[in-house]
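These notes are about the structure you will find just below.
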Amino acid sequence: MALLETRDLTKEYRVGDHIVHALRGVSLGIEAGEFVTIVGPSGSGKSTFMHILGCLDRPTSGHYLMNARDVSTLPPDELARVRNEMLGFVFQGFNLLARTSAVENVELPLLYTRSGVVKASERRRKAMDALDAVGLTDRAEHHPNQLSGGQQQRVAIARALVSSPSVLLADEPTGNLDTATSHEVMEIFKSLRRDRGLTIVVITHERDIAAYGSRTIDFRDGKVTLDVLHDETLAQPSRR
Amino acid sequence: MMKRWLSHPVVDLALKALTRNRLQTGLTLLGMTIGVATVLAMMAVGAGAQSSIEQQVRAAGLNQLTVRAGNWRPKAEDTGEAVAHQGDARDTLTLPLIPGLDGASAERTVPSPSRALGTPSRVVGSPDALADPDSRRPAADAVPIAFHPEDDPMEKHDHPLARQRLGDLEAGLGSAATLSFADAQAIKDLPGVQYVAGGVHENARVHFGSKRWFTRMHGTDVEMPSIKRGWTLLDGRFFSRREQEKAAQVLVIGQIVSDKLFGPGVKAVGQQVTLWNQPFEVVGVVTSSTWVVQPAPGDDQFDAVYMPYTTTHRLLNLSKLNDITITAASSGAVTKLARDITTLLRKRHGIGDNAPDDFTVLTQATKALTTGGLPPSVARAVAGNVAELEKVTLEQLATTLERASRTMTWLLAAVAAVSLVVGGIGIMNITLLSVTERTREIGLRLAVGARTRDVMRQFLTEAVAISVAGGVAGIIVGVIAAVVIARTLNWATVVSPLSVVLAFGVAALVGVFFGWYPAKRASQLDPIVALRHE
């Protein structure tokens, strides 16, 4: 049983008079512990797919199962809960709160846990753990404008990690970073997969970034055109 | 609920967000502050006007009632006689203007309006003659009052019929003493009653060394100073509740008595005087607090001595009260209270439906009507025929004044509330701006698991925080403004706890009301769209 499974997903938008078919029947299974990179030109539907995977959007038709549970029809508050507990997001533009310290940014998802309010001390401890995982404990009290782009993205990754999700979703995480920093960030993803068994889905349009994945999926015109499992030289993470 | 809200970390975040935009937050706060302060100051001015009107009404004694033992009313003809009231039991207003011809009064060393009853015009003209029931002494039909100042009151009360005689003659009401302390207690439990004081009245000769002074003795209650707004203590204190409970031999003396016995300016407090051959300690000297009433020999208030009624009861072996003085909490409620008291006492005294009252409820309106120098016959006619009307008129005047000033208060508050609305629009503005500015932040929050209600809560909290902070600042500024207005313009201002609570509550409500729409808008953003927002 795949951790994430989509069955014949379609998504249509109405833009003015005509209807845009962003997804035209996508059926995929992503196993726990996979590192999937999704590539494709703009308008290929990869972002839409990512939004549905991230429970930020619902498909027009088809089903999306997470741990065999159909989440495509859940009400908004339930989707929010899934996002909070199962998923971590990393964005191209970091989306850190300005004038808020790194550690406070990392704490953010813990403000919305459903299992009751997390105590401030507990929040701080978890946030510091997450910052430790991205190697930024010494910058915990810095504000975003005091951090480099790479550091900001690492704070964002720590934020995605803090609620111990099983899936990390990254939409063009290296889009705003230079090459060296991009590779640093991808290395972090790789180590997270290795050390924590995280399932990672990264959207990118750079082939060398896509090469970090254990599997690369090509999108074009709302359909999967290529789905390649890479020969992995590094040890396959234990499947649970 | 409130506690959970406050302890929620989102609230903390909302407050932090406010500090990010200090200037905007500050200006919005200022708008809110001005709104609340204006409302509060205006209400203070209004309430001040209201309370000063109320005070004047109270000082005039319009809220005062007296229940007197017995029930007498004058005959229509001025024959110098009074007859027992046989008529309608509900007609409780009585003006016993007709004094019995007191043969002894001519021999008085001190002509006193309250005692020299031979001249009715003086009775009418003297301020206290009508107010105080015991100043009237209508003669019982066949029994001429034979009282001589040199009579020893103690001796009189040794008489087997002493109690009867007190009721008949000294109480001056031509009736058995019908009022008891229990009656006073029962009246005290009625709604709308402020103070109650039972009274026993006697004439007494007070000795100090070789000097003696023949004066009025009032056995009264510790609450009397609260009732007598025109009183002030020249020296010492009024007797205490404890002294009343133990029937202590303590005496508060009027200024005239003090002057006559000790001499003007000589300290009377602490001295021992003798009354009915009993030693009494003088604990206080009382005088008038207003220039309107000047202590004069022979008046009933300051040419008088006061002791606990329990002491009077003990020494004179009495158990009844001559009268009960009551103040109503509101001057507008006197008529109702008079009615309630009548009902209560009729029930307590077991008076049948058709039997007349054995007491008289007298309001101060009567006094106000008849102290205008009306000829006694006219006053009597007025009092006799339009008893109910006159009682109502003055009271209605008071009620009308109160109502008018209350209306003014609300009018002022309503005008000021407009500025509160303007402040509220300011809050709406800053919250909307804050939502627009932080669209991406909202998208992010939604992405990491915030529910619509979490976002709603955050922005609503921001709005309410500003309005509440503005409310607190406004209350402070408003109170200061009220004080400044009182000092500089010499207007009475009253900041009531109610108006503070009201101002604060309205401020919080404004926050919720004007914060609702922007917060709702924020919470309904599509996370994807919000995240892409530039």
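Quick look at the numbers
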item: Of all residues making up segment B:422-436, the number that are farther than 20 Å from B:Ser523 by Cβ and surrounded by fewer than 19 Cβ atoms within 10 Å (Cβ to Cβ); result: 2
item: Members of segment B:424-464 that are hydrophobic (A, V, I, L, M, F, W, C), away from every other protein chain (no Cβ under 14 Å) and touching a helix residue (DSSP H, G or I) at 6+ places or on another chain (Cβ under 6 Å); result: B:Ile427, B:Met428, B:Ile430, B:Leu432, B:Val435, B:Phe459, B:Leu460, B:Ala463, B:Val464
item: Residues of segment B:277-293 classified as modelled with pLDDT of 85 or more and of a type in the set (Phe, Trp, Tyr), total; result: 1
item: Number of positions in segment B:332-363 that are among the polar types (S, T, N, Q) and surrounded by 22 or more Cβ atoms within 10 Å (Cβ to Cβ); result: 2
item: Failed item, numbered, when B:Asp303 is tested on (1) at pLDDT 75 or above; (2) closer than 28 Å to B:Asp189 by Cα; (3) under 26 Å from the mean Cα position of the chain (by Cα); result: (2)
item: 2 or more residues within 12 Å of chain B (Cβ to nearest Cβ) and under 24 Å from B:Ala450 (Cβ atoms): qualifying strands (runs of 3 or more DSSP E) within segment A:86-205; result: A:87-90, A:167-171
item: Candidate set: segment B:188-224, residues that are aliphatic (A, V, I, L, M) and in a strand (DSSP E or B); chosen: the one surrounded by the fewest Cβ atoms within 10 Å (Cβ to Cβ); result: B:Val193
item: Unique residue being surrounded by 15 or more Cβ atoms within 10 Å (Cβ to Cβ), within 26 Å of B:Ile442 (Cα to Cα) and within 17 Å of the chain's Cα centre (by Cα) when the list is A:Leu97, A:Leu87, A:Leu65; result: A:Leu87
item: Breaking point among (1) more than 9 Å from chain B (Cβ to nearest Cβ); (2) within 30 Å of A:Thr137 (Cα to Cα); (3) touching a strand residue (DSSP E or B) at 6+ places or on another chain (Cβ under 6 Å); (4) of a type in the set (Phe, Trp, Tyr), for A:Tyr13; result: (2)
item: Filter pass, B:Val529 being loosely packed, with under 15 Cβ neighbours inside 10 Å, part of a helix (DSSP H, G or I) and within 14 Å of another protein chain (Cβ to nearest Cβ); result: yes
item: Qualifying residue in segment B:513-521 (condition: within 16 Å of B:Leu15 (Cα to Cα) and buried (at least 17 other Cβ atoms within 10 Å of the Cβ)); result: yes
item: B:Leu6, sole failed condition from (1) at pLDDT 75 or above; (2) surrounded by fewer than 21 Cβ atoms within 10 Å (Cβ to Cβ); result: (1)
item: Qualifying residue in segment A:15-25 (condition: closer than 18 Å to A:Val201 by Cβ and basic (Lys, Arg)); result: no
item: Filtered residues of segment B:235-285 (kept if of a type in the set (A, V, I, L, M, F, W, C) and touching a helix residue (DSSP H, G or I) at 6+ places or on another chain (Cβ under 6 Å)); result: B:Phe238, B:Ala247, B:Val250, B:Ala268, B:Trp276, B:Val285
item: Hey, A:Val167 under 14 Å from A:Phe94 (Cα atoms) and surrounded by 20 or more Cβ atoms within 10 Å (Cβ to Cβ) or not; result: no
item: Extreme residue, nearest to the other protein chains (Cβ to nearest Cβ), among residues of segment A:72-85 that are among the charged types (D, E, K, R) and without any contact (Cβ under 8 Å) to a residue 24 or more places away in the chain; result: A:Asp77
item: Residue check, B:Ser419 surrounded by 18 or more Cβ atoms within 10 Å (Cβ to Cβ), within 14 Å of chain A (Cβ to nearest Cβ), at pLDDT 75 or above and assigned to a helix (DSSP H, G or I); result: no
item: Set B:Ala492, B:Ala473: member being small (Gly, Ala, Ser), away from every other protein chain (no Cβ under 11 Å) and assigned to a helix (DSSP H, G or I); result: B:Ala473
item: Counted residues, segment B:253-302 - those being aromatic (Phe, Trp, Tyr) and either in a strand (DSSP E or B) or closer than 23 Å to B:Val222 by Cβ (or both); result: 3
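The values are calculated or read from the model by the stated rules, or taken from the named source; none is laboratory data. Keep in mind that this is a model prediction, so the values were computed, not measured. Backbone-built Cβ (ideal geometry, glycine too); neighbour counts: all protein chains shown.
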